[in-house]
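Peer 1: Quick one: the structure is below, questions incoming.
The values are calculated or read from the model by the stated rules, or taken from the named source; none is laboratory data. Source: prediction; values computed, not measured. Ideal geometry is used to build each Cβ from the backbone, glycine not excepted, and the neighbour counts take in all protein chains shown. All accessible areas refer to the heavy atoms of the entire protein, side chains included, with ligands and DNA or RNA removed. Shrake-Rupley method; radii C 1.70, N 1.55, O 1.52, S 1.80 Å.
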Amino acid sequence: MCIPRVKYLLFTVLTYKIMKEEVEVVCPSCSPHHPVLHGILKSGVNPLVKCLECGVVHPASRESPKLIDIKVIVSRGESSFPLHTLLPADEIIKVGDEMFIEDIASDEVYPVIVTSMESGPKRLEVAKVEEINSMWGRAIDEVCVKIAIHEGKTTRSVIKKVPGGYQFIIGSNEKVGADEFRIIKIKGRDGSLKSRDGTAIEAKNIKRIFANPVHRKAWGSGSSWSSRRKEQSL
C-alpha cells in the first residue's frame, strides 16, 4: 500500500531536481499573453517547461532580445569620439555602471563608466535602453591621472598614463619619467579626499593626486658617501 506513495515522493524529488532552473514565458493554458514563471524540465533552443501557475507542460521558444542602436560618446583624457552600439531594449543602465561598448562600425570594444544619459531634453540617472537617445561614457581601459607635486611654494603638474584598474596607494612612491614622488592625498571623482597611508584607489576613480617630490642623494654625495667609506675601512 505504501508503494504508490514512495513512487510519488520519488517523482516529486526528481522533478524538483530537474526544475532547478526557471524562466518566464507565456503559458498556452492560463496566460497566453503575459509571461509567467515556468520550471525548465529539458533545456535547449525550445526548452520543455512546466507552468508553475497551472502545472501544464509545454515547449517554449525563447525570443532573442530586441536590440536598439544607441549613440555613445566615449571620452578618453582630453579627447572624445562618437560611436554606435547595439544594446538589449529592456536592459536597465545607471550612471556609474561599468560596461563594455562594442562599436558597430569597427567591432572595437571599449570598457567605459557611464557618465551621462539623455532622453530628448531630459538627463537620466537610470533608464531602460529603449528610453535612451544618447549616452556618454569615460573610457577606463587606459586613463591619464593628473598629479600635483608640491615643493616649497611651487606646484607643478605631471600626468601618468596607466590602465584603469591600476592602484595608487597613499604613502607609496611613484615615478613619471625622471620625477619620483610620494603620494600624500588622492581626490576621487566622487569628490572625496583621502589621506590615510595605505589607502588604495584605482586610477579610473581618481580626479587628482597630490604628492611631494622624492630626492635621492647621488652616490658619493654628503654623509651617505662618508658612512660607506667608514664601513669599508672597518
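Peer 1: Does segment 169-177 contain at least one residue that is without any contact (Cβ under 8 Å) to a residue 40 or more places away in the chain, exposed (fewer than 12 other Cβ atoms within 10 Å of the Cβ) and not in a strand (DSSP E or B)?
Peer 2: So far as segment 169-177 goes, yes, one or more of its residues are without any contact (Cβ under 8 Å) to a residue 40 or more places away in the chain, exposed (fewer than 12 other Cβ atoms within 10 Å of the Cβ) and not in a strand (DSSP E or B).
Peer 1: Of the residues that make up segment 46-57, is at least one within 22 Å of Lys207 (Cβ to Cβ), open to solvent by less than 90 Å² (accessible area, probe 1.4 Å) and out of contact with any Lys or Arg (no Cβ under 8 Å at 6 or more places or on another chain)?
Peer 2: Taking every residue of segment 46-57 in turn, none turns out to be within 22 Å of Lys207 (Cβ to Cβ), open to solvent by less than 90 Å² (accessible area, probe 1.4 Å) and out of contact with any Lys or Arg (no Cβ under 8 Å at 6 or more places or on another chain).
Peer 1: Please verify whether segment 160-168 includes one or more residues that are assigned to a loop (DSSP other than H, G, I, E, B) and among the aromatic types (Phe, Trp, Tyr).
Peer 2: The answer is yes, given that some residue of segment 160-168 is assigned to a loop (DSSP other than H, G, I, E, B) and among the aromatic types (Phe, Trp, Tyr).
Peer 1: Sticking with this one: Residues of segment 185-218 being of a type outside the set (D, E, K, R), surrounded by fewer than 17 Cβ atoms within 10 Å (Cβ to Cβ) and farther than 17 Å from Thr115 by Cα, which ones?
Peer 2: Answer for segment 185-218, where residues must be of a type outside the set (D, E, K, R), surrounded by fewer than 17 Cβ atoms within 10 Å (Cβ to Cβ) and farther than 17 Å from Thr115 by Cα: Ser192, Leu193, Ser195, Gly198, Thr199, Ala200, Asn212, Pro213, Val214, His215, Ala218.
Peer 1: On to the next question. Using the structure shown, decide if Val129 is surrounded by fewer than 19 Cβ atoms within 10 Å (Cβ to Cβ) and among the β-branched types (Val, Ile, Thr).
Peer 2: no
Peer 1: Run Tyr166 past the list (1) within 21 Å of Ser75 (Cα to Cα); (2) open to solvent by less than 50 Å² (accessible area, probe 1.4 Å); (3) of a type in the set (Ser, Thr, Tyr) and report the number of the one that doesn't hold.
Peer 2: Evaluating Tyr166 over (1) within 21 Å of Ser75 (Cα to Cα); (2) open to solvent by less than 50 Å² (accessible area, probe 1.4 Å); (3) of a type in the set (Ser, Thr, Tyr) leaves (2) as the failure.
Peer 1: Something else now. Go through segment 103-123 residue by residue and tally those that are modelled with pLDDT of 90 or more, assigned to a strand (DSSP E or B) and within 27 Å of Gly165 (Cβ to Cβ).
Peer 2: 8
Peer 1: Examine segment 88-97 for a residue that is closer than 30 Å to Gly44 by Cα, open to solvent by 80 Å² or more (accessible area, probe 1.4 Å) and touching a Leu at 6+ places or on another chain (Cβ under 8 Å), and state whether such a residue exists.
Peer 2: no
Peer 1: Looking for whichever is open to solvent by 60 Å² or more (accessible area, probe 1.4 Å) and either over 27 Å from the mean Cα position of the chain (by Cα) or in contact (Cβ under 8 Å) with a residue 60 or more places away in the chain (or both) here; the options are Arg138, Arg156. Which one fits?
Peer 2: One residue alone meets the criteria, Arg156.
Peer 1: Here's something else I'd like to know. Identify the single condition in (1) among the charged types (D, E, K, R); (2) crowded, with 17+ Cβ neighbours inside 10 Å; (3) on the phi > 0 side of the Ramachandran plot that Asp107 does not satisfy, given that it satisfies every other one.
Peer 2: Checking Asp107 against (1) among the charged types (D, E, K, R); (2) crowded, with 17+ Cβ neighbours inside 10 Å; (3) on the phi > 0 side of the Ramachandran plot, the one that fails is (2).
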